[in-house]
1. Are any residues in the stretch 36-73 of a type outside the set (A, V, I, L, M) and under 13 Å from residue 132 (Cα atoms), and if so, which ones?
2. Being among the acidic types (Asp, Glu) and within 12 Å of the chain's Cα centre (by Cα) is the filter here; which residues of the stretch 126-149 pass it?
3. Please go through (1) at pLDDT 90 or above; (2) over 23 Å from residue 129 (Cα atoms); (3) of a type in the set (D, E, K, R) for residue 76 and return the number of the only condition it doesn't satisfy.
4. With the requirement that a residue be over 15 Å from residue 47 (Cα atoms) and either of a type in the set (A, V, I, L, M) or surrounded by 14 or more Cβ atoms within 10 Å (Cβ to Cβ) (or both), what does the stretch 58-75 give you?
5. Answer yes or no as to whether residue 136 is of a type in the set (Val, Ile, Thr), at pLDDT 90 or above and in contact with a Phe, Trp or Tyr (Cβ under 6 Å, 6 or more places away or on another chain).
6. Please determine, by comparing only the residues of the stretch 35-46 that are aliphatic (A, V, I, L, M) and within 20 Å of residue 99 (Cβ to Cβ), which one is farthest from the chain's Cα centre (by Cα).
7. What pairs can you find where one residue is in the stretch 98-125 and farther than 17 Å from residue 142 by Cα, the other is aromatic (Phe, Trp, Tyr), and their Cβ atoms are less than 8 Å apart, with a gap of 6+ or different chains?
8. From the list 30, 22, 4, 35, exactly one residue is modelled with pLDDT of 80 or more and over 24 Å from residue 145 (Cβ atoms). Which is it?
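The values are calculated or read from the model by the stated rules, or taken from the named source; none is laboratory data. Small disclaimer: the values here were computed from a predicted structure and weren't measured. Cβ atoms come from the backbone with ideal geometry, glycine included; neighbour counts cover every protein chain shown.
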Amino acid sequence: MGIKSFIGKRVKSKKGSTELIKVSDYMTTKLITFKPDQSVMEVMDILIKNRISGGPVVNDDHELIGIISESDCIKEISHSRYHNHPIEKSNVEDHMNRTVETIDGEMNVFDAADKFIKSHRRRFPVLEDGKLVGQISQMDVLKAAINLKGTNWK
């Protein structure tokens, strides 16, 4: 499987310093997820209704197996039109991205910001014991920066 986990450097807080701001403190835990057997048409409808650009694909054990995005859906629309195949028969499993990078929930949120810059990704799933527990987005990092009191960027 193509799941890659990125675990950042673990830094212990020094006495008197600002407490470590973890990814798990700012990640979204109420996620819209998809199943591999769902239709691409259903995914497109959910993406539009919820104003999201993609979501994790999980199996019955809530293990992450991929990501489906609006770009994946657009590729399928183009492919279906070119080959004159009905899109209704397309499912998530055939179009999701199986190579997924994840971030550890214990990682410093500002180290995660660096990971966003280097990877050009918009979001990272967060796993715990192999199960999907949340997702951190670039917007979540911005929220962490706004909520940080003082000028100490720990």
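1. Result: 55, 56, 59, 60, 61, 62, 63, 66.
2. Of the residues in the stretch 126-149, the ones among the acidic types (Asp, Glu) are 128-129, 140.
Residue satisfying the conditions is 140 alone.
3. Residue 76 satisfies all of (1) at pLDDT 90 or above; (2) over 23 Å from residue 129 (Cα atoms); (3) of a type in the set (D, E, K, R) except (1).
4. Result: 58, 63, 64, 65, 66.
5. yes
6. Checked the stretch 35-46; the qualifying residue farthest from the chain's Cα centre (by Cα) is 40.
7. As it stands, the answer is 101/6; 101/124; 102/6; 102/124; 104/6, since those pairs meet every condition given.
8. 35
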